[in-house]
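What follows is a short report on a single structure.
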Amino acid sequence: MKEVIQQIYEKKEHYVCRHTGEELLLIPLKDNVADFNQYLTLNEVGAFIWDHIESGDDEASLVAKICLEFEADKNEVLIDLQHFLEKLRSFLVIQ
């Protein structure tokens, strides 16, 4: 999973991000221009993860950050995080 996190981290610079209330809109950049044809909207937790993914993060560090911020159950966060990261990576790789 650390490899998935690193792949997401490396793609972050290729996206323009705009917070809209509690959600985050991810818009891909193509040739330094925003491509509004395909974008992704992240909820509050997804936006938190996107904003806090750093190089070298692993599942444990992200789970700790999420649990601290949202006072959530560690086991539930781990399962949800794994699913979210796989889906996010799939979206980013397609772009």
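The values are calculated or read from the model by the stated rules, or taken from the named source; none is laboratory data. In this text, all values refer to a predicted model and were calculated from it rather than measured experimentally. Here the Cβ is made from the backbone with ideal geometry for all residues, glycine too, and neighbour counts use every protein chain on show.
Which one of these is of a type in the set (Gly, Ala, Ser) and out of contact with any strand residue (DSSP E or B) (no Cβ under 7 Å at 6 or more places or on another chain): ALA47, ALA64?
ALA64
Name the single residue, out of those in segment 24-59 being of a type in the set (Val, Ile, Thr) and out of contact with any helix residue (DSSP H, G or I) (no Cβ under 7 Å at 6 or more places or on another chain), that is modelled with the lowest pLDDT.
Once the filter is applied, the top-ranked residue is VAL33.
So, in segment 1-52, of the ones that are under 12 Å from the mean Cα position of the chain (by Cα) and of a type in the set (Gly, Ala, Ser), which residue ends up farthest from LEU88 (Cα to Cα)?
If we take residues in segment 1-52 being under 12 Å from the mean Cα position of the chain (by Cα) and of a type in the set (Gly, Ala, Ser), then ALA47 is farthest from LEU88 (Cα to Cα).
Quick check on segment 24-45. Is at least one of its residues of a type in the set (A, V, I, L, M, F, W, C) and assigned to a helix (DSSP H, G or I)?
Scanning segment 24-45 turns up at least one residue that is of a type in the set (A, V, I, L, M, F, W, C) and assigned to a helix (DSSP H, G or I).
Go through (1) exposed (fewer than 12 other Cβ atoms within 10 Å of the Cβ); (2) more than 20 Å from ILE66 (Cβ to Cβ); (3) touching a residue at least 12 places away in the same chain (Cβ under 8 Å) for VAL16 and report which single condition fails.
It is condition (1) that VAL16 fails.
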